[in-house]
Structure formats: structure tokens, C-alpha cells
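Data first, discussion second: the structure below is written as C-alpha cells.
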Amino acid sequence: MMKKIPPYLASSGAIEIAEKLKLISGGKILDGATGDGGSILCLINFLKNYDSVIGIDTDENEIKKARLRLKDKPITIEMMKGEKLEYPDNTFDLVNIAYSLHHMQNLNKTLSEMKRVLKKGGYFIIQEMFCDGNQTDAQKCDTAAHEFGAEIDRMLEIYHREVYTRDKILNILSQIELKDLEILESTRYVKCLKCEEKYDCEDPKNPDIINSTLEEIDKSLELIKKHKEYSEFRERAETIKQNIKNHGITSASILFCIGKKEE
């Protein structure tokens, strides 16, 4: 497998996460803030095995995407708030939250609920990007673009806080009180290992990826075109876009955290 993986991805830490997942029998899985189903697809592609998956989200459009994407698999997608799960205690063998902590307004309640429905001895996985540490200029561009979009969301009264630091994520994790906790880091997503476009992403200055990111920034900016702060945001957008053109863009570093609920 190593020969088929480009060098940067091979050294990113993603392989180590994939090897960890391959040892786990998922059983009955709950995926919180499932979005378009990408996090579920990643789990079922890398876990040793699984029985069934339920994904939950509150965004109707994302739910529709997830249902279409996963329609041929034993997966159920439901509209439900993470802070008020409609499942009995000790229902799931594994619960997962991927890249969504910074989208959760009632984070502590959601984490408590996810742990409540997890069986004793079951796996709790959290994956989250972080903004500090030894990150390249291309990674910093990813964070800057993400936080620009998050700030626009907040202007539109959509909860979307800034990217967490590594220590803040670990502090959040400590409040869940899991046993056998393991922390792995990666500069690329584990899903990239099975992506047909993984060679395209090897170069931070890939023009297609850069142009796609610039278009997303412009789309976000368009949402506040009538806002009184539009001119200021447009100037900031141009600075971010120029930095991306200069340095390229690649995903910010990721923490992969896995532990078990006390028995």
C-alpha cells in the first residue's frame, strides 16, 4: 500500500490512524453531526467491521445529501439534535464526532449525551482540526479561509466558532473522562488514503484546488454583500486569497482521539 501513497500523505500520520481503525469492530455506530455522510463513509471504509450506523444532523440539506450518498448501505440518517438524543442509555458500541466540535453551540451537553448512549467499554472517537503548532504556511491558509467563512456564518446568525487550539481540544476531551485514551496527529485526513485524487492534493499549489478555494471564499463573501461591513470583509478576503496564491493551501493539522467509556 505504501508504494501507492504519495510521500506527503504517507508521512502525514493518516496511515497510523487507519491502522488503528482497522483493529476496531464498530458494531452499532452513532455518528454525530454527520453532515453529508463523509465521516460515516470514512469509518466504514477503515473499521475492521461494523453492523449498522445511524448518522444524525440538524441540517435538512445535508441529511438529504447523506441519504443519497449512503443509500445502498445499512445506514440510517436522522434529523436530531446532539444535545437531546432520542436513544436509551448504552445503545451504541461506538460513537464518533468528526470535525464538528467548533459547530456545536451546546458542546458539553452534546458530548454528555453521546457518552450516555455509548455502551460501557464502547469506543468514543473525536476528530478535529486545530489551528496552532508547527503548521506550514499552506496549512495556515486553510485555517484563515475556514475562519473567514466561520465569521461570515456568525454574521448570518449561524453558530460557527473559530478553530480550536490543540490544548483546547484536549481540555474538552478530558471532561468526557474516557479510559485507555489515545491521541494521534495527522496533517492529512485518513479518508485521503482511499481518495482517487490523493496525488492531486500532494502539491499545495495545485491550481484546481486553489481556484476551488478562491471560489468558495467569493461565495461566502456574496452572502453578506448588503451588509454594512462588506467592504472590510472584501479587503480581508483579497488578503487571504493572495496568501493562498502565494503559499498554496492544504488541510490544517488534525487530532484523532479515541478512548473507551468506563465499564
**OP:** Can you give me the number of residues within the stretch 40-63 that are buried (at least 17 other Cβ atoms within 10 Å of the Cβ) and either charged (D, E, K, R) or modelled with pLDDT under 95 (or both)?
**Re:** 2
**OP:** Being within 18 Å of Met129 (Cα to Cα) and over 15 Å from the mean Cα position of the chain (by Cα) is the filter here, so list the residues in the stretch 9-54 that pass it.
**Re:** Leu9, Ser11, Ser12, Gly13, Ile15, Glu16, Ala18
Original post:
Hey, does the stretch 114-130 have a residue that's outside any strand (DSSP E or B) and either small (Gly, Ala, Ser) or at positive phi (or both)?
Top reply: no
Original post:
Somewhere in the stretch 151-170, is a residue surrounded by 12 or more Cβ atoms within 10 Å (Cβ to Cβ), within 20 Å of Gly133 (Cβ to Cβ), without any contact (Cβ under 8 Å) to a residue 60 or more places away in the chain and of a type in the set (D, E, K, R)?
Top reply: yes
Original post:
Could you give every pair whose Cβ atoms fall below 8 Å, whose first residue belongs to the stretch 203-227 and is touching a residue at least 12 places away in the same chain (Cβ under 8 Å), and whose second residue is of a type in the set (S, T, N, Q) and buried (at least 18 other Cβ atoms within 10 Å of the Cβ), counting only separations of at least 6 or pairs across chains?
Top reply: Pro204/Thr250
Subject >> Hits in the stretch 12-39 - residues which are surrounded by fewer than 21 Cβ atoms within 10 Å (Cβ to Cβ) and part of a strand (DSSP E or B) >> reply: Ser25, Lys28
Original post:
Mind checking which residues of the stretch 175-204 are at pLDDT below 95 and among the hydroxyl-bearing types (Ser, Thr, Tyr)?
Top reply: Tyr199
**OP:** Within the stretch 219-230, identify whether any single residue is within 22 Å of the chain's Cα centre (by Cα), assigned to a helix (DSSP H, G or I) and exposed (fewer than 14 other Cβ atoms within 10 Å of the Cβ), and answer yes or no.
**Re:** yes
**OP:** All but one of (1) crowded, with 18+ Cβ neighbours inside 10 Å; (2) under 21 Å from the mean Cα position of the chain (by Cα); (3) modelled with pLDDT of 95 or more hold for Lys261, so report the exception by its number.
**Re:** (2)
Subject >> Given (1) outside any strand (DSSP E or B); (2) closer than 28 Å to Lys168 by Cα, number of the condition Gly55 does not satisfy >> reply: (1)
**OP:** Check Arg188 against each of (1) within 23 Å of Glu235 (Cα to Cα); (2) basic (Lys, Arg); (3) under 20 Å from the mean Cα position of the chain (by Cα) and name the one condition it does not meet.
**Re:** (1)
Original post:
Among Gly32, Gly37, Gly27, which is more than 26 Å from Glu177 (Cβ to Cβ) and touching a residue at least 40 places away in the same chain (Cβ under 8 Å)?
Top reply: Gly37
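The values are calculated or read from the model by the stated rules, or taken from the named source; none is laboratory data. Remember, it's a predicted structure, so these values are computed and weren't measured experimentally. Neighbour counts are summed over all protein chains in view; Cβ atoms, including those assigned to glycine, are modelled from backbone coordinates with ideal geometry.
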